[in-house]
Amino acid sequence: MATILENLELEIAHFDHFKAHLPGYEQLCPLTLEKLLRLGVLQVSTAFEQVLARLGGHELVSMDCGDLYRKSDKAPYSDAKLSCVRTYGYGKCYAAPVTNIFNKTGALRVQVYERKQGNFYYFVIPRKAYMHIPRTSNIEISFLLDGTPRRIPSRKVNVNFWKY
């Protein structure tokens, strides 16, 4: 999947946050890496998957449904997701969407970038926490409009994803 140019700065922010953990990063030329990132030809989500596999001791398994992780043959698969907090609802809501989750079967390992305060948050969301979400919807991780995490939901929700 190609990087959409309007999302390029967000992709670079994600990459800059985890790049030091990328296998072989020390041997890469910083100028070449920066140029490739600016051209949008690097798959940041694939690099994130490599970092998760390395740091978590997971086996990286490429399948038709995407790259998945597991600790052992008996453990369920998990999936990696990158998300950026965005404003919606006529500027009244601020949340990070975790999309394309309907066919996922295991935990989701999510890196969220909140751009107003420049912070990153990490979540491991078990399948039981999102399996009720319909195909047409997403996980929404809520923030206050100033970028502060909304750890206590403003309304009754089925799941407070800040628990994970």
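The values are calculated or read from the model by the stated rules, or taken from the named source; none is laboratory data. The model shown is predicted, which means the values in this text are computed figures rather than measured ones. With ideal geometry, Cβ positions are generated from the backbone for all residues, glycine too; neighbour counts draw on all protein chains shown.
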Query raised in the report: Is the stretch 94-108 home to any residue that is at negative phi, in contact (Cβ under 8 Å) with a residue 24 or more places away in the chain, outside any loop (DSSP other than H, G, I, E, B) and basic (Lys, Arg)?
Result: no
Report summary line: Listed by first then second residue, the pairs whose first member lies in the stretch 124-138 and is touching a residue at least 24 places away in the same chain (Cβ under 8 Å), whose partner is among the polar types (S, T, N, Q), with beta carbons under 7 Å and at least 6 positions apart or on separate chains, are ARG127/THR105; HIS132/ASN158; ASN138/THR99
Query raised in the report: Hey, any hits in the stretch 114-121 for a residue that's in a strand (DSSP E or B) and touching a residue at least 40 places away in the same chain (Cβ under 8 Å)?
Result: yes
Report task. Name every residue in the stretch 20-37 that is surrounded by fewer than 18 Cβ atoms within 10 Å (Cβ to Cβ), assigned to a helix (DSSP H, G or I) and in contact with a helix residue (DSSP H, G or I) (Cβ under 7 Å, 6 or more places away or on another chain), in order of residue number. Result -> HIS21, TYR25
Report summary line: Counting only residues that are farther than 19 Å from TYR130 by Cβ and buried (at least 20 other Cβ atoms within 10 Å of the Cβ), the stretch 92-113 contains a total of 1
Requested in this report: Tell me which residues, restricted to the stretch 76-91, are part of a loop (DSSP other than H, G, I, E, B) and surrounded by fewer than 19 Cβ atoms within 10 Å (Cβ to Cβ).
Outcome: PRO76, GLY89, TYR90, GLY91
Query raised in the report: Which of (1) modelled with pLDDT of 80 or more; (2) of a type outside the set (A, V, I, L, M, F, W, C); (3) at positive phi is the odd one out, the single condition GLY66 does not satisfy?
Result: (1)
Report task. Just name the residue that is farthest from THR99 (Cα to Cα) out of those in the stretch 121-164 that are surrounded by 15 or more Cβ atoms within 10 Å (Cβ to Cβ) and of a type in the set (S, T, N, Q). Result -> SER142
